[in-house]
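Below: the structure, in structure tokens.
The values are calculated or read from the model by the stated rules, or taken from the named source; none is laboratory data. Owing to the predicted nature of the structure, the values given are computational and were not obtained by experimental measurement. A quick note on method: Cβ atoms are made from the backbone with ideal geometry, for glycine too, and the neighbour counts reach across all protein chains shown. To get the accessible areas, we keep the full protein, side chains included, count just its heavy atoms, and leave off ligands, DNA and RNA. Shrake-Rupley method; radii C 1.70, N 1.55, O 1.52, S 1.80 Å.
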Amino acid sequence: MKPLRLVPVALAALLFSAGFASANVTLPKILGDNMVLQRERPVAIWGTADEGDEVTVKFAGQEKHARPDANGKWQVMLDPLKASATPQELTVTATNIAKPDRNGEIKLKNALVGEVWFCGGQSNMEYPVGVVSAGAGPATANDPKLVEEIAAETYPQIRLFRVNKQNRAPELSTDGWTDCAGDALNKFSAIGFFFARNLQHTLNVPVGVVGSYWGGSRLEQWIPPEAFQKQPTFAKEAAAPGRLLIDGRAPWDYFNSMIRDLAPFTLRGMLWYQGESNIIASNDGVRYADKLQALVDYWRGLWHDQSLSFYQVQIAPFLYTSRKADHLPDGQTIIEHGPDELPKLWEAQFLVTRLPNVEIVPTTDLDSNFKNIHPGGKRIVGQRLANLALTKIYGQVTPTWQGPLYDKTETKNGQVVVHFSNTGGKLSTRDGQPPNDFEVAGVDGVFAPATAVIDGDTVVLRSDKVTEPKIVRLGWTETAQPNLVNKDGLPAYPFRTNGPDWQPAKK
């Protein structure tokens, strides 16, 4: 899809029907027919123009004016808009007294106003509603009831914008904003769709979802070198001569072609499901927290919103130890994945929630096929993300979106009392059995399984093999599925009490 270009009104039909234009003003591809604009926030409308042009933007009774800067760029900010499911027209005109033959107009039709979210990551976010993509999916496979359920509804108030996959292309490629139906729906992120559907049903306003994802991608590929150069954690790499490398690999493969041109399209928030490839490629551990902060900080800067909500999905249990052919960038050195590499990345994901408005939803309870890196339950993930957004942003009362969280421990009489928050007033197990996957260790750091008994909002641990327990961990293996749940049945998040003292880097 080519950028929209302002052309002389008299020539517009001829030039566009011919598939080319030589006019002087352009709009980015994210601004187009059928789009959803964010309600209740100033809305960015931008593009490029020639020197001396005056650009006028009209929408919903507002009129804004701008002139291009020295680089030809212009931008206006619409005042906050009220939600509207009534299709409206956004008009952009350009006038130039010195070049009246260049005066032109673009009309963007069928625009709605509501909630706009971005979803990104790798294959588990890409996993589509109804077709096979990147070796994954569809989400409706072997679930005829879900197929019937989706087909039984229409979604006139949900709009989709899917970015086409390109590696280091100079600009973004897309089919534009589409209705949530047919081929466009089948190819779209299942999590993004289920999130939007739950949001739209609850809020009863239009919802737009922007999807940009690529199976197998590493986090570093979604941001440019500048993002790492701004983080003190990567000062050594940034100071090295030559091309910036992070863990032996160059960043930014997909940034220019799949992210850059989306900003600063006004959003309410972002959904992110990624991390598997950062185990496969480099066993990132806590270093993933540094990388993820670099991404969050840079994207928030790109969108001019340092409080933009960023909601993650915990990557699911998987047998990374079964992978025997993963190599370092030299192509020779085998990467050995220990059974604790996944828990270390879970830990890193959770540590980043120390940044403002960053949260995470759990997945350890959704699939027991540890050989499948693309677990089922995409509808449940979308629901949890929606509950998170509805609670944190929209003030709705919903089932919780997160399970019990480690708070603190007390050691007495050879046992450890583990306190949890986010219990909903009740800890239990989803299978009625004693809590599993708890381990304790003494000062020697040698862990042994612990028997566990629930007592209110605490779990009491004891092990005959550790007489003076000092350290506790839960779910510290790649196949962990802790059965400890809160009142709403969501699983406890894995943790260790002797983990790294990670804090967000100061900018």
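Regarding segment 234-257, can at least one residue be identified that is of a type in the set (A, V, I, L, M, F, W, C), in a loop (DSSP other than H, G, I, E, B) and closer than 21 Å to V116 by Cα?
If we filter segment 234-257 for residues that are of a type in the set (A, V, I, L, M, F, W, C), which is where we start, we get 234-235, 238-240, 244-246, 250, 252, 255.
From the residues that got through so far, the ones that are in a loop (DSSP other than H, G, I, E, B) too are 240, 244-245, 250, 252.
Those left that are additionally closer than 21 Å to V116 by Cα: none.
No, because not a single residue in segment 234-257 is of a type in the set (A, V, I, L, M, F, W, C), in a loop (DSSP other than H, G, I, E, B) and closer than 21 Å to V116 by Cα.
Has segment 190-201 got any residue that is surrounded by 21 or more Cβ atoms within 10 Å (Cβ to Cβ) and farther than 23 Å from R379 by Cα? No, segment 190-201 has no match at all. Scanning segment 334-381 for residues that are open to solvent by 20 Å² or more (accessible area, probe 1.4 Å) and hydroxyl-bearing (S, T, Y) gives T353, S368.
Quick check on my filter: what residues within segment 204-233 are in a helix (DSSP H, G or I) and either more than 21 Å from the chain's Cα centre (by Cα) or buried (at least 24 other Cβ atoms within 10 Å of the Cβ) (or both)? E220, W222, A227, F228, Q229, P232, T233 - these are the residues of segment 204-233 that are in a helix (DSSP H, G or I) and either more than 21 Å from the chain's Cα centre (by Cα) or buried (at least 24 other Cβ atoms within 10 Å of the Cβ) (or both). Here segment 34-54 is the region considered, the condition is being touching a Gly at 6+ places or on another chain (Cβ under 7 Å) and closer than 19 Å to A94 by Cα, and the residue that is surrounded by the fewest Cβ atoms within 10 Å (Cβ to Cβ) is D50.
The single condition among (1) assigned to a strand (DSSP E or B); (2) open to solvent by 50 Å² or more (accessible area, probe 1.4 Å); (3) modelled with pLDDT of 95 or more; (4) over 30 Å from Y273 (Cα atoms) that K82 does not satisfy is (1).
Which residue out of K107, K64 is at pLDDT 95 or above and touching a strand residue (DSSP E or B) at 6+ places or on another chain (Cβ under 7 Å)? Testing whether each residue is at pLDDT 95 or above and touching a strand residue (DSSP E or B) at 6+ places or on another chain (Cβ under 7 Å) leaves just K64.
Determine, yes or no, whether E276 is of a type in the set (D, E, K, R) and either under 30 Å from E40 (Cβ atoms) or at pLDDT below 95 (or both). Let's see the steps before the verdict.
Working: of a type in the set (D, E, K, R): yes; either under 30 Å from E40 (Cβ atoms) or at pLDDT below 95 (or both): no.
Criteria not met by E276.
Of the residues making up segment 477-507, those that are more than 24 Å from the chain's Cα centre (by Cα), under 30 Å from G301 (Cβ atoms) and either of a type outside the set (D, E, K, R) or not in a loop (DSSP other than H, G, I, E, B) (or both) are G499, P500.
Sub-6 Å Cβ pairs linking a first residue in segment 158-169 that is more than 16 Å from W222 (Cβ to Cβ) and modelled with pLDDT of 95 or more to a second residue that is open to solvent by 10 Å² or more (accessible area, probe 1.4 Å) and among the small types (G, A, S), at least 6 apart or interchain, are L160/A184, ordered by first then second residue.
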